[in-house]
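Here is the structure we will look at, set down as structure tokens.
The values are calculated or read from the model by the stated rules, or taken from the named source; none is laboratory data. Please read these numbers as outputs of a predicted model, since none were measured by experiment. No Cβ is skipped: glycine too gets one built from the backbone with ideal geometry, and neighbour counts run over all protein chains shown.
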Amino acid sequence: MPLPVSFDVNDERLRNDFLQELFPGALEPLQELAQPVWGHMSPRQMVEHLAWAFDLSTGQRHTRCRIPEEKRERMKPFLYGNQPSPREFMNPALAAGLPALIHPSLAVAKDALNAARRRFLDPSTSIEQAMHAHPIFGPLGREEWSRTHFKHAFHHLLQFGLIAAV
């Protein structure tokens, strides 16, 4: 039975609780052979994709935003709008397809994701004032990355039936 989770991107406490507690707990039962409710990602592809996004937000990995700045500014309000990501949304950075898997198993990929998530949440890191490139929105600070991670993780947990929106 999926874990019921409230969606409110504008509630900082809810976002923090989700990223610190609910997200890792909801991800725990995901199995290697699980089938998505929609889309074509495998569980390991999804977990590695989420880890990549957390690594982008802490500067561990880098990407280039190919969206023109004027278009980014029109898209950025999405981060503040209280609506989830659309089901079949395609990240333009992944237009050529998902990257090759880098971890030998889902368990190792989950460990890497949790390490990346903890790096983002660690208040002692220097990311508080840093800006790191997002493939769609361009340079984002910590608060906007928090909104992005909330929406992104919520989206992919729904994709695999691990949570239910309430």
Exercise. Determine whether region 75-91 contains at least one residue that is outside any loop (DSSP other than H, G, I, E, B) and within 15 Å of the chain's Cα centre (by Cα).
Key: yes
Quiz prompt | Unmet criterion (only one of (1) assigned to a helix (DSSP H, G or I); (2) of a type outside the set (Ser, Thr, Tyr); (3) within 18 Å of Ala93 (Cβ to Cβ)) for Ile136 | solution = (1)
Quiz prompt | Conditions (1) of a type in the set (A, V, I, L, M); (2) closer than 18 Å to Glu21 by Cβ; (3) exposed (fewer than 14 other Cβ atoms within 10 Å of the Cβ): number failed by Leu121 | solution = (3)
Exercise. Please go through region 146-166 and pick out each residue that is under 23 Å from Asp11 (Cβ atoms), surrounded by 15 or more Cβ atoms within 10 Å (Cβ to Cβ) and either in contact with a Pro (Cβ under 8 Å, 6 or more places away or on another chain) or at pLDDT below 95 (or both).
Key: Lys151, Phe154, His155, Leu158, Gln159, Leu162, Ile163
Quiz item: If we scan region 22-31, do we find a residue that is aromatic (Phe, Trp, Tyr), modelled with pLDDT of 95 or more and out of contact with any His (no Cβ under 8 Å at 6 or more places or on another chain)?
Solution: yes
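Matching residues to (1) among the aromatic types (Phe, Trp, Tyr); (2) in contact with a Cys (Cβ under 6 Å, 6 or more places away or on another chain); (3) modelled with pLDDT under 95:
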| residue | (1), (2), (3) |
| --- | --- |
| Phe89 | yes, no, yes |
| Ala93 | no, no, yes |
| Ile102 | no, no, no |
| Ala107 | no, no, no |
| Ala116 | no, no, no |
| Ser124 | no, no, yes |
| Phe137 | yes, no, no |
| Glu144 | no, no, no |
Quiz item: When you go through (1) crowded, with 17+ Cβ neighbours inside 10 Å; (2) part of a loop (DSSP other than H, G, I, E, B) one by one for Lys110, which number turns out not to apply?
Solution: (2)
Practice problem: Tell me which residues, restricted to region 9-25, are charged (D, E, K, R) and out of contact with any Phe, Trp or Tyr (no Cβ under 9 Å at 6 or more places or on another chain). | Solution: Asp11, Glu12, Arg13, Asp17, Glu21
Quiz item: So which residues in region 64-77 are free of Cβ contacts under 8 Å to residues at least 12 places away in the same chain and closer than 27 Å to Asp11 by Cα?
Solution: Lys71, Glu73, Arg74, Pro77
Quiz item: Does any residue of region 34-43 turn out to be without any contact (Cβ under 8 Å) to a residue 40 or more places away in the chain and surrounded by 13 or more Cβ atoms within 10 Å (Cβ to Cβ)?
Solution: yes
